[in-house]
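Let me begin by presenting the structure, written as structure tokens, before commenting on it.
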Amino acid sequence: MTAYPKSTGKKLGLVIDLDICVGCHACATSCKEWNTGGYSAPLSDYDPYGADPHGTWLNRVHGYEAGEGQDSQTVHFPRSCLHCEEPACVSVCPTGASYKREEDGIVLVNPDTCIGCKLCSWACPYGAREYDHDEGVMKKCTLCVDRIYNETIPQLDRIPACVRACPTGARHFGDFGDPGSYISKMVRERGGYDLMPEMGYKPVNKYLPPRPPKDGKDKTAALPPLKAAKRRKGSAKGKRPASEKFFAWADLLLSR
Ligand code: SF4
């Protein structure tokens, strides 16, 4: 019902490194702090100091145990809008309130024309939309559009609040439209993945898989990432690499 640009000048997005995310929620709280006074303001809270606190968050971090026994790993999985190239949330929007920017690919919601019908949240397979009950409109990650171009703050801070706050450096921001950008290179070298690529919405954000444990069994663990990825691919001979297994698991989880 709403058209989106066939291509965009830039493809701004995030890389999230699941190998080093420790689930501290600094990204989520920093996102909440910035956006509750910014573009998406306010982000409503309910019963914040009571027994059942809940509210509107544009970035959430989930913790899971993946695998079993000795192979199990604790994975912290930050989840927010992936700024898809072909966003289902935009195409279903009856008013044009959900839109994708032609200049940089950021997907936004115009609160003045959103009627709170929630069609976008039904369409998004990643659970990335948040309905604000107080405001009666849909909200979502804006990639901190009011920060990254903000000339009144220091250059160092002109990145999304989640990236700025992450104490482990698990989050990165940049232009995927430029194959030479450091995030494009990082994704190539670390085997970065799309979440649920079979859905066809072409998410811009990428996830880097957890590295296998350095227990002596994995002879590639000490190698540089690109070499290790090639070595694992060469020796797999029909076996699914650990990263592929992990994302199959993540896909399963999101599709529930
Ligand atoms: Fe839309 Fe969901 Fe894709 Fe974000 S992740 S652009 S909300 S379909």
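Here, each number is a calculation from the coordinates, and none is a lab measurement. Only a predicted model underlies this, so the values are computations on that prediction, with no experimental measurement involved. Virtual Cβ from ideal backbone geometry, glycine too; neighbours counted across all protein chains shown.
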Fewest first, what order do Glu198, Glu151, Glu130 take by the number of other Cβ atoms within 10 Å? Glu151, Glu198, Glu130
Can you compute the modelled spin-label distance between Thr152 and Asp47, with each label point 7 Å from Cα toward Cβ, in nm? 3.7
May I ask you to derive the FRET efficiency for Asp71 and Cys117 from their Cβ-Cβ distance with R0 = 41 Å, giving the value to the nearest 0.05? 0.40
Cα centroids of the range 1-76 and the range 83-143: how far apart, whole angstrom? 16
Which chymotrypsin sites (Phe, Trp or Tyr not before Pro) in the range 86-166 pass both tests, a DSSP loop state and at most 15 other beta-carbon atoms within 10 Å? Tyr149
Obtain the nm distance between the two label points defined at Lys185 and Tyr131 by a simple spin-label model: each point lies 7 Å from its Cα along the Cα-to-C-beta direction. 4.5
Using 7 Å Cα-to-Cβ label points, what is the His62/Cys24 separation (nm, one decimal)? 2.4
